[in-house]
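The values are calculated or read from the model by the stated rules, or taken from the named source; none is laboratory data. None of these values were measured; they are calculated from a predicted model. Using ideal geometry, Cβ is built from the backbone for each residue, glycine included, and neighbour counts are taken over all protein chains shown.
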Amino acid sequence: MAYRANILINSDAPGAEAVYGAFLDELQELALRDEVQVLMTSGLGGQGVATQGVDAIVYPDSVRYVNLTPDDVARITEEHLLKGRPILALTQAAPEVAPLPPPAPKEVRVVLRNIGKINPFDIEDYIAEDGYAALAKVLTTMTPEQVLDVLKQSGLRGRGGAGFPTHLKWTFARNSPNKPKYLICNGDEGDPGAFMNRSVLEGDPHAVIEGMAIAAYVIGAEQGYFYVRAEYPIAIRTLRAALEQAREYGFIGKDIFGTGFDFDLEIRMGAGAFVCGEETALMRSIEGQRGMPTTRPPFPAASGLWGQPTNINNVETYANVPQILLKGGEWFASMGTEKSKGTKTFAIAGKVKHTGLIEVPLGVTIREIVYDIGGGILNDKKFKAVQTGGPMGGCIPEQYLDLPVDYQSLASVGSIMGSGGFVIMDEDTCMVDIARFFMDFVQDESCGKCTPCRVGTRRMLEILNDICAGRGQPGDIELLEEMGKSIMHGSLCGLGAGAPNPVLSTIKYFRHEYEAHIYEKKCPAKVCRALIEYKVDPELCIGCTRCARNCPVDAIAGAPKEKHVIDPTICIRCGICKQVCPVAAIDVY
Amino acid sequence: MKSLEELQKIKERALQRRKLAGEGARARIVVAMGTTGIAAGARDTMAVILKELEKRGISDVVVTQTGSAGMSTYEPVVQVQVGNSELITYGNVDANRAVTLIEKHVLGGEVVAEWQVK
């Protein structure tokens, strides 16, 4: 039967039980038990603000009584529930609720602020947006120590992946006694699917040049190098034009702003080796040697390029610097989280509706990036995982959708920030196949110096290939884990130390998929060709012969008007039959 | 560059020039020409825009370029500003759309809402 009134009591408050009991007693007394329902509930919705005491809401009137004791109950029951007169003295006046502020924009553009706005080939367009004002301020009014103080206050950390505090890096290089000192901008952005740095170099090159000039002033360098991969011809062309203009206007060169400070920049092109994004390999490459990492220590700040003190940061780190010096360290530190300040650019790729480049304050959740900014998963499929930090990062599963994106949180789930790759995978992605893809990449890019990385990644790839081909054996998963750990510990640079990450993280979160491949010879996502089978549903097949006519290997038998059958021993799992079937009779099993 | 004053002067000049480009010219068309834009066909879009303006004998429309701001799904991205009105961003502007935009928005002053990216 329907009740004419309902009373909801907040069960979280101490004393709620007593109030509940009192209501039942009073209602019994007045013979209202059949007309009024009393319910205990955890937390009350509706109007008004929760108090520390026992609150109750009477519906359908939506009257909220606050801080109730059992003594109040008799009055409420008699006056309100019997006679229909709410006791206003026991209610809470509805507080003046200020209108909600508009939702804070998820994206905040600091590094990307000028991109899409200014003409990168016109230095005056950059100057119109306060360009080179930070350099002017620094050179004419600040000491290097003051610049370092502002940076320290800002909390800026290296945006290339490791997240080392920028002010410390600069301090080390500044305190190194040897001269000359060098400055390097790492623009060797090699992570598959990542193009944040390219966009900055192509859209706002002067911001990076200005940041570098400030860094040079702080550490005392007179020569700097841009190291940009040759696969970025448009970035290089833009940068070259920007350097020419900056030189013409006197922002780089001799006696900048009449302060006697000299600084010039050159471009060096990388020849395509992924490992050259590693700082020691990168410096060897600039020196004209083979791009292979060397041991640290000595760190670049002590002995870097040509054995001289060197500061190396990535494109995004430098691009942040002018803004921080113009607007102050506090402004920058007001964005982001406790330990990860400011904003970060990410390249959103994969199975998401809006792919592209974003910049968000650190600490936004993966869910906000995927659903609010990325627009959700393509074709409204289910989110499965996100791979952050490029081929040395880890895959983060659905259960961590609400994880804040910052240096610590990503590390806590076995991934890294990296330079900002953000590859989103849906339910149709096979995690073993993904791990194999990344292992194939790092195996290819291993420079070969350290045996665990050179041989180990090869062996791991072979095992993964076997698993995907249906030749997986019991013990493979354990072997992968063991080898992964050994490679991490036995490699010199970040490439080897991170190479097993995609495999280890997918084993950690998607072990069942590995097991399905090995023990059941099934690919749950129906991706691995050796483990799937195309079949014709005889109930649905209309015998139109279209599949048989389109099959490239003649694996389908069947006469017109008869049920067709696919021979799995001939079938190459190309999927064409499924695409052409007019009645959707063919599916993957 | 020798002093703050010199920098300030250039900034004022640049801002002035920007305004003039908006005032003196009838409209401004900005094509995003980063790698993502070019990969999606921004060079063709740019060429068609220049050709179309020439064909119609229009010389008071400023055509410039900028970087690709990140809306990769919508490249090529073209921004159009007529007079001092709002700058409108359009997505997926291929050659056909570019011609229509010149006709409808630049010359006709009518925003083509269905291609707009917000």
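Considering A:Val503, A:Val527, A:Val583, A:Val536, the condition of being out of contact with any His (no Cβ under 9 Å at 6 or more places or on another chain), more than 24 Å from A:Met425 (Cβ to Cβ), at pLDDT 90 or above and of a type outside the set (Phe, Trp, Tyr) is satisfied by A:Val583 alone.
Just a yes or no: is a residue in segment B:8-23 more than 12 Å from the chain's Cα centre (by Cα), in contact (Cβ under 8 Å) with a residue 12 or more places away in the chain and not in a helix (DSSP H, G or I)? Steps first, please.
Going residue by residue through segment B:8-23, those that are more than 12 Å from the chain's Cα centre (by Cα) are B:8-20, B:23.
Next, only the ones that are in contact (Cβ under 8 Å) with a residue 12 or more places away in the chain stay: B:23.
In the following step, the residues that additionally are not in a helix (DSSP H, G or I) were identified as none.
No, every residue in segment B:8-23 fails to be more than 12 Å from the chain's Cα centre (by Cα), in contact (Cβ under 8 Å) with a residue 12 or more places away in the chain and not in a helix (DSSP H, G or I).
Summed over segment A:526-543, residues that are part of a helix (DSSP H, G or I) and in contact with a Gly (Cβ under 9 Å, 6 or more places away or on another chain) total 2.
State all residues of segment A:544-589 that are in a strand (DSSP E or B) and either small (Gly, Ala, Ser) or out of contact with any helix residue (DSSP H, G or I) (no Cβ under 8 Å at 6 or more places or on another chain) (or both); if no residue qualifies, say none.
Within segment A:544-589, A:Ala557, A:Val565 meet the criteria.
When the strands (runs of 3 or more DSSP E) confined to segment A:162-277 are screened for residues that are within 11 Å of another protein chain (Cβ to nearest Cβ) and aliphatic (A, V, I, L, M), those reaching at least 1 such residues are found at A:253-256.
In the set (1) more than 14 Å from every other protein chain (Cβ to nearest Cβ); (2) out of contact with any Phe, Trp or Tyr (no Cβ under 9 Å at 6 or more places or on another chain); (3) part of a loop (DSSP other than H, G, I, E, B), A:Asp130 fails one condition alone, (1). For A:Cys453, the criteria (1) crowded, with 23+ Cβ neighbours inside 10 Å; (2) under 24 Å from A:Arg529 (Cβ atoms); (3) without any contact (Cβ under 8 Å) to a residue 60 or more places away in the chain hold in every case but one, which is (2).
Yes/no per residue for (1) of a type in the set (D, E, K, R); (2) surrounded by 13 or more Cβ atoms within 10 Å (Cβ to Cβ):
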residue	(1), (2)
A:Tyr519	no, no
A:Ala530	no, yes
A:Glu539	yes, no
A:Cys544	no, yes
A:Pro560	no, no
A:Lys578	yes, yes
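For the structure I just gave you, tell me whether A:Val111 is touching a strand residue (DSSP E or B) at 6+ places or on another chain (Cβ under 8 Å), buried (at least 20 other Cβ atoms within 10 Å of the Cβ) and either modelled with pLDDT of 80 or more or outside the structural domain of A:Val321 (by TED's automatic domain parsing) (or both). Yes, satisfied.
Count of segment A:326-364 residues, restricted to those that are hydrophobic (A, V, I, L, M, F, W, C) and within 14 Å of chain B (Cβ to nearest Cβ), is 9. The set of residues in segment A:379-392 that are assigned to a loop (DSSP other than H, G, I, E, B) and farther than 17 Å from A:Gly498 by Cα comprises A:Lys381, A:Lys382. Exactly one residue out of A:Ile467, A:Ile416 is outside any strand (DSSP E or B) and at pLDDT 95 or above, and it is A:Ile467.
Just one of the listed residues (A:Arg436, A:Arg459) is more than 27 Å from the chain's Cα centre (by Cα), assigned to a helix (DSSP H, G or I) and free of Cβ contacts under 8 Å to residues at least 40 places away in the same chain, namely A:Arg459.
For segment A:133-153, what are the residues that are in a helix (DSSP H, G or I) and more than 14 Å from chain B (Cβ to nearest Cβ)?
Residues satisfying the conditions are A:Pro144, A:Glu145, A:Gln146, A:Val147, A:Leu148, A:Asp149, A:Val150, A:Leu151, A:Lys152, A:Gln153.
From the list A:Gly220, A:Gly190, the one residue that fits, being surrounded by fewer than 24 Cβ atoms within 10 Å (Cβ to Cβ) and either among the β-branched types (Val, Ile, Thr) or at positive phi (or both), is A:Gly220. Filtering segment A:293-316 for residues that are within 20 Å of A:Arg113 (Cα to Cα), assigned by TED's automatic domain parsing to the domain that holds A:Asn178 and part of a helix (DSSP H, G or I) leaves a non-empty set. Scanning segment A:355-378 for residues that are part of a helix (DSSP H, G or I) and free of Cβ contacts under 8 Å to residues at least 12 places away in the same chain gives a single hit, A:Tyr371.
If you go through segment B:82-118 and keep only what is buried (at least 19 other Cβ atoms within 10 Å of the Cβ) and at pLDDT below 90, you end up with just B:Val82.
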